[in-house]
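Down below is the structure, laid out as structure tokens.
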Amino acid sequence: MACDGASHEFLERQAAILYNASKFRHHRPRPIAQIRLLSVHQSAHASDPLTGDLATRELYNPDLQYDALSYVWGDESAREPMVLNGVRTTITRNLADALRCLRSEGKARHLWADAVCINQYDANEKSSQIAIMGEIYSGAERTYIWLGRENERSDLAMDLVANITEEKMAMFDPNADEWLGVYQLLRRDWWTRLWVIQEAILSRQPIVKCGVKEAHLEKFADLYTYWDRLFYEHDSLDRFNSLNLFYKVPFRGFMSRDNKRWVGVGLNIWMVISVDGFGCRYMRDRVYGILSLAGPIAKRRVGISYARHPTTQQFAKSDRRVLQEASTVPFFELRTLTPFLMAQEHNTPMLHLPSWCSDWLSPGTMTAIDYDGAAFPMGHFNESNSIPGPWRMHKDRYKSASPMTAVRSAGWRARTKSEAKGPNAKLKDPRQNYDAFLFSHDLEVIAVRGYIVDIVDFVGVTPWVEVGVTLEEQQESKRERARQVRKAVQGWEQLVAGGKASIYDKTIGGRKEAFWRTLIANREFDMEDKNGDINPSIPSHDFEQYFDAWMGRGPLADDENAFRNYSRPAIFRCTRRALITTEKGYFGLAPALGTQAATQVGDMVCILRGALMPCILRPSPGTNCCTFQGITYVHGIVGGEYLRQVKIEDLQEFWIK
């Protein structure tokens with residue numbers, strides 16, 4: 001019998017009774033990791049009510065054997081009754097379906113399922129259990145991935161996936177029931193839930209189940225590998241596009257037989273590859289859901305907490321604070337300012353995070369500049385010592401700065417001893433044992449050092465064209481974007497050709513060469529090295545003829561294949577970027593979003609210590625602080641040219657909020 005819409009008060013009362021008998025024991029000086037395991041009682045009929053027992057076990061017991069369940073909770077108002085340890089409670093219908101299926105197959109003994117094995121009404125228990133979820137899934141013998149009940153095509157689809165080969169993939173028929181079934185399987189909610197990333201990757205044996213049918217997750221990885229390999233073949237494109245199996249399936253990025261190679265990498269990597277496209281209940285889960293996959297620094301610096309204020313029922317630690325903590329992690333992992341590459345070039349409106357924080361909602365919205373600039377070194381600059389050596393953050397200056405109220409009252413957070421001894425630390429030279437950055441204790445401000453190169457005096461936004469849904473719409477939007485970017489470039493070329501003097505006027509190629517090199521960030525496109533890796537190279541002077549051809553000039557103007565050598569990288573790198581010029585006459589590509597420029601006239605072009613690329617900073621009126629607007633390419637300074645001629649007295653501190 002269904003038990004829809006059970007009240008929160010009823011469930012909380014039943015939880016207090018149920019879990020009181022199986023509280024986790026804590027030992028000093030630290031708690032022993034304990035989990036509950038569920039054993040579902042066998043039944044003669046599939047429709048019989050669900051009953052079972054919960055028992056507490058030591059997670060690190062070498063003799064412990066259990067399976068885990070990975071599933072989507074589904075509609076929490078649609079619930080069914082279950083009796084656990086003699087106590088009547090309710091569980092979501094999707095979990096009930098999974099347990100009935102496993103019960104009928106004799107696979108529901110010694111099972112871990114979060115909704116019943118964690119007391120969801122005890123915030124402290126929930127926080128501590130989520131902190132060890134990675135170990136729970138990696139310790140399970142098998143993890144059953146429950147996609148849901150079967151339908152009229154799912155059995156055919158599961159059989160196809162379980163026996164997939166490249167030959168069968170090549171025979172793909174978008175009108176066949178089995179392939180339509182595969183398409184429907186990949187639209188199940190499980191593939192879009194953020195928590196399943198760690199559950200699948202950390203599991204020893206992830207088994208995908210839809211109804212009674214099952215297939216190893218590796219077979220879905222094979223399916224994606226074959227699909228990706230065949231998708232762009234000329235004779236397959238139209239056929240595969242008519243039923244694009246993996247379109248908007250965020251989990252496709254993890255469909256690989258060797259996906260465990262990502263475990264333990266920096267949180268900065270997971271921020272980029274995992275957040276976009278996945279859903280979760282709370283904003284903090286965007287961090288917590290991938291924390292088990294990250295390295296030790298992330299686990300140490302981000303505290304998991306679901307505790308709430310007793311009166312307001314708001315989280316004691318706000319989502320904003322969680323994202324701030326997580327955004328500091330890549331700085332300590334890399335010990336450089338490289339994480340600025342992932343900073344928000346538009347802010348998360350609901351949270352109003354500091355501008356230096358990572359974009360946890362849509363990290364993939366900006367196109368990469370794809371330029372490995374010369375880093376402003378962490379310690380000394382070069383062997384000739386023509387530019388200043390290492391420097392120490394002046395903490396007293398922060399405390400005495402009257403506009404910096406939060407900083408003055410809170411002080412600054414430095415590296416811990418363990419972080420200072422990390423694998424990237426260069427401690428043999430005592431001159432380099434300094435922080436490249438400092439955070440205020442409230443994590444509102446990051447303090448860095450660097451130079452102001454120049455001030456922006458013109459911003460030209462690259463027109464943005466929305467991407468279509470169908471193949472025809474996508475192709476048309478691609479053509480329209482090419483037309484709009486070319487039109488904008490023609491206008492910019494006229495602007496930079498005249499007017500004020502430019503710093504490039506004394507160079508061999510003049511401002512024209514500086515202009516066309518700026519639009520492609522001085523890099524050719526998709527140049528493969530001998531190992532097959534993409535390794536963009538600096539274009540030769542002859543590359544200018546392709547720019548002229550794209551502008552409709554010269555002998556190659558009618559040769560589309562010729563000017564595409566230039567137009568492809570130019571359109572790619574100008575997308576969601578704006579052309580800027582500066583007071584000294586520099587040209588650059590700076591952040592923009594849609595039709596709005598994230599860069600404005602009066603912004604500062606800066607080079608920061610430990611950063612790979614120059615950035616745009618905006619002074620905050622009435623304070624000594626500034627905001628981070630994004631990274632930028634500025635022709636003539638990204639290769640270290642500017643640093644070779646700066647003066648030590650020009651070195652400044654920047655307080656980015």
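The values are calculated or read from the model by the stated rules, or taken from the named source; none is laboratory data. Here the structure is a predicted model, which means the values were calculated and not measured. In this analysis, Cβ positions are derived from the backbone assuming ideal geometry, glycine residues included, and neighbour counts consider all displayed protein chains. Ligands, DNA and RNA are stripped out before the accessible areas are found, and what is left, the full protein with its side chains, is counted by its heavy atoms. Shrake-Rupley method; radii C 1.70, N 1.55, O 1.52, S 1.80 Å.
Taking the condition surrounded by fewer than 24 Cβ atoms within 10 Å (Cβ to Cβ) and in contact with a Ser or Thr (Cβ under 6 Å, 6 or more places away or on another chain), does R618 pass?
The answer is yes for R618.
May I ask you to list the residues in region 636-657 that are open to solvent by less than 20 Å² (accessible area, probe 1.4 Å) and basic (K, R)?
The answer is none; no residue qualifies.
Identify the single condition in (1) modelled with pLDDT of 90 or more; (2) more than 22 Å from R576 (Cα to Cα); (3) not hydrophobic (A, V, I, L, M, F, W, C) that G491 does not satisfy, given that it satisfies every other one.
Condition (2) is where G491 drops out.
Determine which single condition D114 fails, assuming it passes every other condition in (1) within 28 Å of the chain's Cα centre (by Cα); (2) within 21 Å of D53 (Cα to Cα); (3) in contact (Cβ under 8 Å) with a residue 60 or more places away in the chain.
(3) is the only condition that D114 fails.
Working only within region 577-598, note down all residues that are crowded, with 19+ Cβ neighbours inside 10 Å, assigned to a loop (DSSP other than H, G, I, E, B) and modelled with pLDDT under 90.
A598
Among the helices (runs of 4 or more DSSP H) lying completely within region 213-327, list those that include at least 3 residues that are modelled with pLDDT under 90.
Once the helices (runs of 4 or more DSSP H) in region 213-327 are filtered for at least 3 residues that are modelled with pLDDT under 90, what remains is 217-231, 237-241, 267-274.
Write out, first by first residue and then by second, each pair whose Cβ atoms fall under 7 Å of each other, whose residues are 6+ apart or on separate chains, and whose first residue, in region 562-574, is modelled with pLDDT of 85 or more while the second is of a type in the set (F, W, Y) and in a helix (DSSP H, G or I).
N565/Y546; Y566/F543; Y566/Y546; Y566/F547; Y566/W550; S567/W550
For region 306-329, which residues satisfy the criterion of being within 24 Å of I446 (Cα to Cα) and not aliphatic (A, V, I, L, M)?
Answer for region 306-329, where residues must be within 24 Å of I446 (Cα to Cα) and not aliphatic (A, V, I, L, M): K317, S318, D319, R320, R321, Q324, E325, S327, T328.
For region 101-178, list the helices (runs of 4 or more DSSP H) that sit wholly inside it and hold at least 2 residues that are within 28 Å of L245 (Cα to Cα); which are they?
154-162, 166-170
Quick check, is G602 in contact (Cβ under 8 Å) with a residue 60 or more places away in the chain and assigned to a loop (DSSP other than H, G, I, E, B)?
yes
Could you figure out which of (1) open to solvent by less than 10 Å² (accessible area, probe 1.4 Å); (2) in a strand (DSSP E or B) isn't true of T627?
So T627 meets the others, but not (1).
May I ask you to list pairs of residues, at least six apart or on different chains, whose Cβ atoms are under 6 Å apart, with the first in region 246-262 being open to solvent by 10 Å² or more (accessible area, probe 1.4 Å) and the second being at pLDDT 85 or above and assigned to a loop (DSSP other than H, G, I, E, B)?
Within 6 Å, the pairs are P250/F278; R252/F246.
Please verify whether region 141-151 includes one or more residues that are of a type outside the set (V, I, T), open to solvent by 40 Å² or more (accessible area, probe 1.4 Å) and in contact with a helix residue (DSSP H, G or I) (Cβ under 6 Å, 6 or more places away or on another chain).
yes
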